[in-house]
1. Looking at the stretch 551-628, which GluC sites (Glu not before Pro) are in a loop (DSSP not H, G, I, E or B) and have at most 12 other Cβ atoms within 10 Å?
2. Rounded if a/c is under 1.5, else prolate if a/b beats b/c, else oblate: with a ≥ b ≥ c from the C-alpha gyration tensor eigenvalues square-rooted, which is the stretch 595-734?
3. When volume of the Cα convex hull per residue in Å³ is calculated directly from the model, which label among (1) 177; (2) 151; (3) 232 fits?
4. For the stretch 213-310, what is the relative contact order in percent, using Cα pairs closer than 8 Å and at least 6 residues apart in sequence?
5. Whose amide H sits under 5 Å from the amide H of V103, counting only residues 5 or more places off or on another chain, with H placed in the peptide plane?
6. Skipping prolines and chain starts, which residues have an amide H placed within reach, meaning under 5 Å, of the one on A596, given they are 5 or more residues away or on another chain?
7. Could you let me know the centre-to-centre spacing of the stretch 234-262 and the stretch 309-354, using Cα atoms, in angstrom?
8. What length, rounded to one decimal in nm, is gained on full extension from T239 through to E154, with 0.36 nm per residue of separation minus their alpha-carbon distance?
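The values are calculated or read from the model by the stated rules, or taken from the named source; none is laboratory data. Bear in mind that the values here come from a model prediction, so they are computed numbers and not experimental data. Heads up, the Cβs are rebuilt from the backbone with ideal geometry, glycines too, and the neighbour counts pull from every protein chain shown. Side chains are part of the model used for accessible areas, which takes the heavy atoms of the whole protein and leaves out ligands, DNA and RNA. Shrake-Rupley method; radii C 1.70, N 1.55, O 1.52, S 1.80 Å.
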Amino acid sequence: MRRIFLSAAEHFPSRARFVPQLAHARSLRDWLGLCSIAGRHFLLTLIFFSLLPAFSERIISPVGGVFANRQSLVLSLEEGEEAFYSYTNTNPLNSGFAYDGPVLIDIDGDVELRLVIVSGSVQESYTVRYSVSESNPFAEGSFEKKFIDTVSLENVLLCTGANIINIPRSLEFFLGDGDKPRLSGTGLSVSQDNRLSRYIPCTVTDGQRNWRFIIFLSGGEAGSFSKSEVPFQISDWTTFTFTGKNLIWCIDNGIWSASTDSVEIDRSRTHVVYWQDVAYKKGNPIQSFVLPQKPTLQTEYAEKAVSFTLSGDLRYRFSVLSNGAEGDSHSDSGMYTTLTFDTFEGDYVKARALFAVYCEGVYQGNLLSDYEIDRQPPLPPRFLPSEPGEFARHDLSLKVEAEAGSNIFLSVSEPFAVNSNSYADVSSEFDSVQPGDYFAYKGQPLELRSGIEKAVAYKVFAYAEDKAGNVSSVSRYQVVIDEYNYFLDSAASPEGADGSHAHPYNSFSQALEVINQGKFVHFFVAGTIVLPDGLSVISSNCSFTGLSDARILLQPNSCILLRDASLEMQNCVIQKELGEAKKSDPRFFIIEKSAAIFEDCELSAVFASSGTLLSSEASIVSFKNSGLTVQGPSYACAVSGVNSKISLFKSHAASISDTAVDFSVKGGSFTLSESDCKVIAHLGRIVESSGSNLRLLKNTYTGDFDGTNKNIKPVWLDEKSLVLENKENIEKGF
């Protein structure tokens, strides 16, 4: 039982016969003349009984899915089968069309194709559902538009040694269905010697839309086939049956006979068949036919194509009964001593071909041969990192897998630093990294290490090469390994939060947990981050950089303590609001045995009674281009320092209270330069110093008092204080 395609006549015109009822349907056209030889059907049935096609082989097109072009019906049928189809939700046997070759189903939208295949009293029913949303988005006159128009209108494209299918390079394509490698558009061609005929599904894509069509790979013109008229038949090489009328026969020097019973002959050696008229007379002509010993079928591979050659008597010829491949079109009726099976790049065939062998046009038997044509590259390698995604917090292990039997080759970039607060420019950095030398991957995981107090990125390239020498497209893996940079965004979802740019934290408590793990971390802050009540202790080195609207909000009883650590803050607003609270913690920012730098920041607090904006002990504190504002009804101080090194440059400070002091320092050193400082109070000073060393340069001191000027000086010093520099300062209101 061989599989046959009902041929799409010379360039596949679409056609269908409407069938009102099965009883009136004409049978399929007769099989090619090769199949008419007696006894052959039984043999073919035995050979192919175990190779009946599955659903995917029966219906080559259409298949389920969403496509940007209309689809054709292309079937693979067995000998003697008929197929009927409908797409109007009706029974194809009662009100449908008879399948008579590939036909375009000219329907847009959702399509439900119903199909019945009939073989005698046996029926097989199938339903295929798919959707068509026709689209050709390419510019008028472009090669892409012309190609898609062709695919949409013809849908079954011919490919021969002389007819090339050119797929635009801007598109990708894959052959067949399922998990297949995607290839860049190219010209699909086959050698002139090819005699392999198949229908092959092909899908082209622009990454958003899929256009599916069928390639008819044709063996081209095969020449004529003629049979010799002899009064006998050979079945399966060894079974001899004399069929002549009024003739007698013998084999070799055997006894003459008129029997029509089959006899077995040994085809490991040559025989001669003789026959003559049954009315034996001396001088009657005796005719003969030499049966050579059975030949062997040899295969030879050259440049991935396979050639079949008969080895034996030169009178032998053979033809293709079935190439055995999925989509076999059975269109070749030629006779050969040697023939070639080939296909175009991207295709893969592994099958068992069945050949009919003739000697001077007399059928002798069949020969089978397994073959494989591998022009399909393996799927690109798959990367299996120890953590998913393109971002990691620590060292990574990276495994690479490919199809079984394929070798993997890798190229790994050197780690390169990433200096972006959002990684927005990482993509362009990745794009600029090109593969270096490739090396064979031995199966051991790659170790990708993090940087030293900086984010680093890696890019890994991989391709696979199969046993046929086909090379896959290059897979790319890229990752940023960042142990140090975190993101804090009040608008972020708590689900899956890991502090990465893609999944930021949304609470200060989460940030503190990371900070206090003991290694330097850098937070990028967006939105308003509200601190919880109580003391938030920072005990490890860290940095905060505010994005466009960063604000850290302390509640009335909130306080930040920096202890035995360093802190840098840039572009942040840090404030405490009293709201309707009756009480508040008089502390705002406490720095103990630490170092803190504030740049382009605003610190402000409102206290219920009295309070200090920032107090420092045995620490280093620096402000640049920053502002400090503090307010309370009783006492307000912007900065209080004990044995600390405090400096302000190009900053401003304001204290508002009954008694107000901008800076109160005891011991240590204090530097104030190019800054504006103000007190709004009943009593107030800009600086109060006890035993400190001071530098005061180019500042403006403003006093706004509620009564007459009580001759208050902006800077008060005790006898232990030492002014190292004091010049170009301006006083107002003192």
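1. Taking the stretch 551-628 and a limit of 12 other Cβ atoms within 10 Å, the loop GluC sites (Glu not before Pro) found are E580.
2. It is rounded, given that a/c, with a ≥ b ≥ c, falls under 1.5.
3. (3)
4. 18 percent
5. Under 5 Å from the amide H of V103 lie the amide H atoms of L73, each far enough along the sequence or on another chain.
6. When sequence neighbours closer than 5 places are left aside, the close amide H contacts are L567, I620, V621, S622.
7. 31 Å
8. Fully extending the segment from T239 to E154 adds 25.8 nm.
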